[in-house]
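The values are calculated or read from the model by the stated rules, or taken from the named source; none is laboratory data. Model, not experiment: these values are computed from the prediction. Glycine gets a Cβ as well: all are built from the backbone with ideal geometry, and neighbour counts include every protein chain shown.
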Amino acid sequence: MSSPHPPPARRNLLEAYFRLAPLTVPVYAILLASLVGSLFILGAGGNPLVAYTALLDGALGSPDRIAATVARATPFMICALAVALGFKAGLFNIGAEGQLLLGALTAAWVGTWSWLAGAPALVAAPLVLVSGVVGGLVWGGIAGVLKARTGAHEVITTIMLNAIAAGLASFLITSRDPALLIDADASTPHTQKVADSVRLPILVGGSSLHLGIVLALALCLAVWFVLQRTTPGFEIRTVGVNPNAARYAGMRVNRTIILVMMASGALAGVAGAAEVIGGSSGYLTPGAFTNIGFDSIAIALLARGNPLAVVPAALLWGALLSGAPLMQVQADLSVNLVRIVQALIILFIAADAIVRLLFRIRAPREAGIDEPARFARGWGG
Amino acid sequence: MQTESSTDHDVSPASRTPVLRVTGLTKRFPGVVANSDVDLELHRGEILCLLGENGAGKSTLMNVVYGLYQPDEGAVEVAGRPVAFGSSADAIASGIGMVHQHFQLIPVMTVAENVILGMERRRGPFLDIDHARRELRELSSRYGLDVDPDAVVGELSVGAQQRVELVKALFRDADILILDEPTAVLTPQEVVEFFGVVRGLAKAGKSVIFITHKLREVLAVADTVVIMRTGKVVASMPAAGATEQSLATMMVGREVGFEVTKDLAEPGDVVLSVRDLQVTDDRGHATVRGLTLAVRAGEIFGIAGVEGNGQRELVEALAGMRTPVAGTIEILGRETTRWSPREVEMLGVGHVPEDRGKHGLVASYPITDNLILNRYHRRGFSRRLLMDRAAMTRNALDLIERFDVRTSSPQIAAGTLSGGNQQKIVMARELSSDLHLLLIAQPTRGLDVGSIEFIHRQVIERRDAGVAVLLVSAELDEILSLADRIGVLYRGTLTAVMDRAEATRESIGLRMAGGGGDT
């Protein structure tokens, strides 16, 4: 009878493989999406090689373009982190869109407080970011409380809260009577410009890359640390993978759900706030930030909910978006093709069985249910 | 029960051509040989017990015979003709029927509807269920299976549902019946009844393969015993003349001590006191209905009973996971009726839950994390909010050693270990802190003999150290060998409480079925 354990050398290789395995599916999904995307490009009468070269050139072709890509990725990074945190607690926060908008609204309002204009930037800017945190936190917290107290599913409640947030934003920004946030002197409706003291500094001269990216990177690291190294993080992860075991272990499941929805909303809110005070305009227009929250769900999926993987996933997203215009010009193609490629990536990640089948990637081993699996692992010695 | 072994049916296999013959069967899974060169013969009218521990390869073998797996080597013959089943449908067509441990019935449908499922006959555009009902009546009277075709399956007792499964197989003209651990869900009385049915089937010319790991059952019902160990058949012999001890030695591969050796209990003060407790299940049905009991330090109080009589809700209420509707729970003199699981745990209560996959473990977490699943907040494993990984690893290495968890590393996901090793992790975690009370539910379900021995020893050690132990088990043998006092749980109340010395298998079995309440 053969030994149930592979020899040590092979075992190490296997372990290394399984450690990398979470990465293989997204990478192959991107490849596959590009391939299928090229079919669309061919169908549209374009040359995929030219198109992808232009896309790459537009995203990374010069230092300025790289800076633009990173700037583009910043709000996605923070917002996707919000969604990823929800995933870890087993929550599907569709509401990042609305939470981000609430954060942006509070920031656009607080940023115009007159006394802030005279305050030092070191105080003023963080204060506005905190206001964004509060806005998003409240919006996320509503869904959390509804879920914990009444069992209302967060997918339903956050979709509705998104609609409310969109309507609220449109009203607050465009209403002239009463004039709420609107800049009465502007020809097209937008909010009043925030004070200079609250603006986030630009990191690369001549670009739109602001300090928000540093905040985004720090937040990704911080969330990862909290999840992996702290007791609240342990509670969040346990609630996420096995709420029954969490309850058995004395964790307060409902409280964790509320807290995570609040934290998730807070992150989305700060993403919106940072964009308002870091973006080039310094004000909020109706319809601004549309789809950032929804795209962030896709990015969080691409990152498989891992806070550190959110960074490259968001950068990829930013690159695709910021390279698209050049592709449009050079390959004479619609920007929509980039959206198609993005959608394909997510499609292939969501339907990872296709990718696993095509590239023969083995599924992660799950707890022993069936006889063969139990055999393969059960024999201790 | 041993005396009523196979003496009362004298079926001599009518034909010498076996109805089922397996020769040289080998089935491999990645990294392991599940069945290695297995031979097996089943004759007409024979009851064959397939005996072996969990993971010995019994189920794999039967799944090959039933067409669910394809063998790598070897051959299967039915009535002398070689067969190669592509699926269980092929096996059924060849007259093989299987009753799985977990019934494959649809509770909201009637017996007749369940039986015809997948082979519905039509009359015009309509379902011809009358034909099935007639045939069912005929089958149940011929084989003495009491089944009402029009009863809704969900309203039947477990024993009756099992008869429906049998009828289902017979309806499909099965000549060979494979029964996978059929007695696991039955009361002792139902088991006796069930054995009668099985003997009747054999007398009528059906051949039965009876998968079990219970030695008593082998001696009670089998004509032939086939013992498997680590994928091989280690013995194949007539049941007559076998003893529990000889069977166990062959099954495990070494001498096994049956009698758990323990000293007389020296009970101290009452640690757990429950009065008139009422608890409801998830659907709001009252399942614990006015239960009163007391457990003293240094004694094991065993709760016997068929599953579903309120065991789960009782233990969950005691552990703080379920809020009682009425009544009181006192632990160490403090009323804990409405306490949270954390508060109860901090009082020095260990809880080994009945469902380790659902409550006791997080399958995807490494052993290290599972060993602190409910202790992570304690000083020693975390400082303020920071988890102390080094301390967790030290704790894991220590407990893995002390509780003999077989693993190559503490970083391995708990879900990838065998059931016995998973249970040892739960036990290690729950027993390793300062305990006053241990709540322990179905501690050895699905485990092999070696792990069972180990876990029983651990429980007794705790008792001797002065811990009050409440043991809930559906295995009567486990209750009888561990408990100092025994209470029988029937429909949410304790119908009898007795000292171990007064208890007999029969008296408890009767009360488990709701009888014998006059004493």
Tell me, which residue of region A:229-251 that is touching a helix residue (DSSP H, G or I) at 6+ places or on another chain (Cβ under 6 Å) and facing another protein chain (nearest Cβ under 7 Å) is surrounded by the fewest Cβ atoms within 10 Å (Cβ to Cβ)?
A:Asn244
Out of A:Val110, A:Val50, A:Val27, I need the residue that is out of contact with any helix residue (DSSP H, G or I) (no Cβ under 6 Å at 6 or more places or on another chain) and more than 27 Å from A:Ile297 (Cα to Cα). Which one?
A:Val50
Would you list the helices (runs of 4 or more DSSP H) that sit entirely within region B:293-406 and hold 2 or more residues that are more than 25 Å from the chain's Cα centre (by Cα)?
B:341-346, B:367-370, B:389-402
Taking region B:22-53 and the residues there that are out of contact with any Gly (no Cβ under 7 Å at 6 or more places or on another chain) and at the interface with chain A (Cβ under 10 Å from one of its Cβ atoms), the one that is farthest from B:Val83 (Cα to Cα) would be B:Gly31
Of the residues that make up region B:204-227, is at least one modelled with pLDDT of 90 or more, on the phi < 0 side of the Ramachandran plot, of a type in the set (S, T, N, Q) and outside the structural domain of B:Val111 (by TED's automatic domain parsing)?
yes
Residue within region B:331-338 that is touching a helix residue (DSSP H, G or I) at 6+ places or on another chain (Cβ under 8 Å), surrounded by fewer than 23 Cβ atoms within 10 Å (Cβ to Cβ) and under 23 Å from B:Pro443 (Cα atoms) present
no
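Rundown of residues vs (1) closer than 17 Å to A:Ala218 by Cα; (2) modelled with pLDDT of 85 or more; (3) part of a helix (DSSP H, G or I), yes/no style:
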site: A:Asn306; (1), (2), (3): yes, yes, no
site: A:Ala314; (1), (2), (3): yes, yes, yes
site: A:Ser322; (1), (2), (3): no, yes, yes
site: A:Met327; (1), (2), (3): no, yes, yes
Of these, A:Leu200, A:Leu284, A:Leu217, A:Leu180, which one is of a type outside the set (D, E, K, R), free of Cβ contacts under 8 Å to residues at least 12 places away in the same chain and more than 14 Å from chain B (Cβ to nearest Cβ)?
A:Leu180
Criterion (part of a strand (DSSP E or B) and either touching a residue at least 60 places away in the same chain (Cβ under 8 Å) or surrounded by fewer than 20 Cβ atoms within 10 Å (Cβ to Cβ) (or both)) met by exactly one of B:Leu435, B:Leu447, B:Leu510, B:Leu439:
B:Leu439
Note on A:Ala216: of the conditions (1) touching a Gly at 6+ places or on another chain (Cβ under 6 Å); (2) buried (at least 20 other Cβ atoms within 10 Å of the Cβ), unmet is (1)
So how many residues does region A:115-140 have that are surrounded by fewer than 18 Cβ atoms within 10 Å (Cβ to Cβ), more than 22 Å from A:Leu81 (Cβ to Cβ) and touching a residue at least 12 places away in the same chain (Cβ under 8 Å)?
5
Whether any residue in region B:382-394 is within 27 Å of B:Asn54 (Cα to Cα), touching a residue at least 12 places away in the same chain (Cβ under 8 Å), more than 9 Å from every other protein chain (Cβ to nearest Cβ) and of a type in the set (A, V, I, L, M) is what I want to check.
no
B:Glu266 versus (1) part of a loop (DSSP other than H, G, I, E, B); (2) more than 30 Å from B:Arg463 (Cα to Cα): which is the lone unmet condition?
(2)
Residue tally, condition surrounded by fewer than 19 Cβ atoms within 10 Å (Cβ to Cβ) and not β-branched (Val, Ile, Thr), over region B:388-407:
11
The number of residues in region B:361-377 that are more than 7 Å from chain A (Cβ to nearest Cβ) and of a type outside the set (Val, Ile, Thr) is 6
Limited to region B:238-263, what total is found for residues that are surrounded by 17 or more Cβ atoms within 10 Å (Cβ to Cβ) and outside any loop (DSSP other than H, G, I, E, B)?
5
Is there a residue being within 19 Å of the chain's Cα centre (by Cα) and of a type in the set (A, V, I, L, M, F, W, C) anywhere in region A:237-253?
no
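Okay, residues lined up against (1) in contact (Cβ under 8 Å) with a residue 60 or more places away in the chain; (2) within 14 Å of chain A (Cβ to nearest Cβ):
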| position | (1), (2) |
| --- | --- |
| B:Ile211 | yes, yes |
| B:Glu217 | yes, no |
| B:Thr224 | yes, no |
| B:Thr230 | yes, yes |
| B:Met250 | no, no |
| B:Asp276 | no, no |
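One line per residue, one yes/no per condition, for (1) within 20 Å of B:Leu179 (Cβ to Cβ); (2) within 14 Å of chain A (Cβ to nearest Cβ); (3) of a type in the set (D, E, K, R); (4) surrounded by fewer than 22 Cβ atoms within 10 Å (Cβ to Cβ):
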site	(1), (2), (3), (4)
B:Gly55	yes, yes, no, no
B:Gly67	yes, no, no, no
B:Glu73	no, yes, yes, yes
B:Ser87	no, no, no, yes
B:Ala91	yes, no, no, no
B:Ser94	yes, no, no, yes
B:Gln101	yes, yes, no, yes
B:Leu105	yes, no, no, yes
Identify the residue in region B:415-432 that is within 8 Å of chain A (Cβ to nearest Cβ) and assigned to a loop (DSSP other than H, G, I, E, B) and, among all such residues, is modelled with the lowest pLDDT.
B:Ser418
